[in-house]
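Here's the structure we're looking at; comments come further down.
Just so it is clear, none of the values below were taken in a lab; they were calculated from the coordinates. This structure is a prediction, so every number in the text was calculated from the model and none was measured. Note that each Cβ is placed from the backbone with ideal geometry, even for glycine, and that neighbours are counted across all protein chains shown.
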Amino acid sequence: MTVKEFADRFGLKPLSLPEPDREVQGGYCGDLLSWVMGRAGADAVWITIMSNVNTVAVASLSDVSCVVLAEGVTLEDGLIRTAEEKGVNVLTSDKPAFTLASEFGGAV
Amino acid sequence: MSEFLNFHYDVDGENFVSAGQASVELKKVLRRLGFPPETIRRLSIAMYEGEINMVIHAGGGAADVDIYEDKIVIRLIDHGPGIADIDLAMQEGYSTATDSVRSLGFGAGMGLPNMKRYTDEMRIDSTVGEGTTITMTVFITK
């Protein structure tokens, strides 16, 4: 499933979608960045409430397919531009991380 | 093969927010040179963790990257406080980072373990009061 299809299917709001056709494969949930870099696989969906410039950098360097910000967390405008420039897809949802992970489970 | 490409990056110790510039630049270079995506991912993460460590603990430093046909060698050099107990520092979960660093999502005690995880060889040379040099090598498999 592509990131665009993934966002549509689960009602996730795109904040930055420079690479909508990337495939989503697996997932990881966490807010400590080194854990994410150590555990999330390439093309994973990464669910987090951590929203700062380092989040965008880690998403880019770890090569995840998209970040899903839970609990209605968003990116400030400057960071949305950074994410777009770095090719990082960022989606947001009002739902908690646990609910999102349980919904995504099995689909990716 | 004796010929190689060398890239030098200065890591700014003052600005935590801009940490990662060298890793992003390295990623671009490796992409341009056509290395496999997983190799790029491993090197990018190892470099980023090293960069973050230099910003958190050492007030910045420098990174030299040598790109050979069959391997890539990253040398991270700082003149920070040094690492007193390397075995302890290598343990997952051990960290001396401050609360303000932790609030940014770092300081989980996974930086050095991740650098080891994603590289084929890693060597730490450190002297307390003088600084630390970390040499990481990733071999290119064809």
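Take the Cα of A:GLU23, step 7 Å toward its Cβ, do the same at B:GLU121, and the gap between the two points is 3.5 nm. Are there any GluC sites (Glu not before Pro) in region B:77-142 that are in a DSSP loop and have at most 14 other Cβ atoms within 10 Å? List them by number. The qualifying sites are B:GLU130. In the protein assembly as shown, Rg over Rh equals 0.97, where Rg is the alpha-carbon radius of gyration and Rh the Kirkwood radius from pairwise Cα distances.
Remark: the Cα gyration tensor places region B:94-142 in the oblate category, a/c being 1.5 or greater and a/b not exceeding b/c.
Extension gain, B:TYR94 to B:ASP70, is 5.3 nm, computed as 0.36 nm per intervening residue step minus the present C-alpha separation. Note on B:SER18, A:SER93: ascending count of other Cβ atoms within 10 Å places them as B:SER18, A:SER93, the fewest first.
Shape verdict for region A:68-108, please, from the Cα gyration tensor: rounded (a/c under 1.5), prolate (a/b greater than b/c) or oblate. Here region A:68-108 falls in the oblate category. For the listed peptides B:61-70, B:79-88, A:52-61, a ranking on the average number of other beta carbons within 10 Å per residue, highest first, reads A:52-61, B:61-70, B:79-88.
Farthest towards the positive end of the charge dipole of region A:3-104, among the residues A:LEU69, A:THR82, A:MET37, is the Cα of A:MET37, using unit charges on the Cβ of Lys, Arg, Asp and Glu. With each label modelled as a point 7 angstrom along the Cα→C-beta vector, the A:ASP8-A:ASP31 pair spans 3.3 nm. Sorted ascending by nearby beta carbons within 10 Å, beginning with the fewest, B:THR127, B:THR119, A:THR82 become B:THR127, A:THR82, B:THR119. Do any GluC sites (Glu not before Pro) in region A:3-108 lie in a loop, going by DSSP, with at most 12 other beta-carbon atoms within 10 Å of their beta carbon, and if so which? Counting only loop positions with at most 12 other Cβ atoms within 10 Å, the GluC sites (Glu not before Pro) in region A:3-108 are A:GLU76.
Taking a ≥ b ≥ c as the square roots of the eigenvalues of the alpha-carbon gyration tensor, region A:3-104 is classed rounded because a/c is under 1.5. Thinking of region B:5-139 as a set of Cα atoms, what percent of all their pairs are more than 24 Å apart? Pairs farther apart than 24 Å: 23 percent. Extension gain for B:VAL17-B:ALA84 works out to 21.4 nm (0.36 nm per residue, less the C-alpha to C-alpha distance).
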